[in-house]
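The values are calculated or read from the model by the stated rules, or taken from the named source; none is laboratory data. Every value quoted in this text rests on a predicted model; they were computed, and no experiment measured them. Note that we place each Cβ from the backbone using ideal geometry, even for glycine, and neighbour counts take in every protein chain shown. These area figures cover heavy atoms from the full protein model, side chains too; ligands, DNA and RNA do not enter into them. Shrake-Rupley method; radii C 1.70, N 1.55, O 1.52, S 1.80 Å.
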Amino acid sequence: MTAHEAADDVERIVEIELIKHQLLLSHLTLNPFKKHHIMGDDSDIETCTKCQKEIIGDTPGVTALGKPYHVTCFLCDQCQKQLAGCSFYSIDGKNLCQVDYMNSLDKCDKCQTPITSKILRAMGKAFHPECFACPSCTKSLDGIPFTVDPQGVPFCLDCYHERFSPRCAVCLKSIVPTPGETEVARIVAMDRSYHVACYKCEDCGMQLNSKIEGQGCYPLETHLFCKGCNLKRITAKN
């Protein structure tokens, strides 16, 4: 991947969203009661929100989310487990037990556990913010530029360049853009890469440039020389 392509990958949008599901604790919201029918006084009779039958006599009820239910009617909408006395979650109008609530959540692509608070979405996947990190330096990639390797693994820019960018044959450092830049010039000669500043005659230090008269490169074996120094080396050997 070239430095320009890596820069393009940096333009990814990382979406952060918060799960705002309401945890409803049973000891706060479930108030068990038993209504008894009093002859001539219908004001005390509650009607179950689910079955629409009266909650009287031996049919105990609970109040949940401000509504009355028979205990036997207040169930998890997924597995039908009785919720009275248990913690439950109200999601989009459905009441879920803890197991089914956890199963309904997005799972982190890295650790494969449910995401219960903040979700970071990147590359079409969901992550815990702390799990979306550079594998080399472990720095979180939340809110900072990143790019991916050929296998789709995300890296911070510094680690990506350190691992994948070509190295200069002279100074052995990675050839990467300067801070704030997205591209970098690279000279390739004799199947090797060079920084522009490192591409110079090894004897006199002249900056080599094939586009400038008299500054072309005249290598000997794997060494870089200008024309004049090349001739001196050949003459000295003879």
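What to note about this one:
- A single member of C97, C73 is among the hydrophobic types (A, V, I, L, M, F, W, C) and either under 30 Å from I144 (Cα atoms) or touching a residue at least 24 places away in the same chain (Cβ under 8 Å) (or both), and it is C73.
Residues checked against (1) of a type outside the set (K, R); (2) at pLDDT 90 or above:
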| position | (1), (2) |
| --- | --- |
| C156 | yes, yes |
| H161 | yes, no |
| R167 | no, yes |
| C171 | yes, yes |
| T178 | yes, no |
| V184 | yes, no |
| A189 | yes, no |
| H195 | yes, yes |
| C198 | yes, yes |
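- Within the stretch 86-107, considering residues that are open to solvent by 20 Å² or more (accessible area, probe 1.4 Å) and in a loop (DSSP other than H, G, I, E, B), the one nearest to I119 (Cα to Cα): D106
- Restricted to strands (runs of 3 or more DSSP E) entirely inside the stretch 154-220, those with at least 2 residues that are of a type in the set (A, V, I, L, M) are 187-189.
- Residue check, S193 in contact with a helix residue (DSSP H, G or I) (Cβ under 7 Å, 6 or more places away or on another chain) and hydroxyl-bearing (S, T, Y): no
- Restricting attention to the stretch 140-153, the residues being out of contact with any helix residue (DSSP H, G or I) (no Cβ under 8 Å at 6 or more places or on another chain) and either outside the structural domain of K125 (by the TED database) or not in a strand (DSSP E or B) (or both) number 8.
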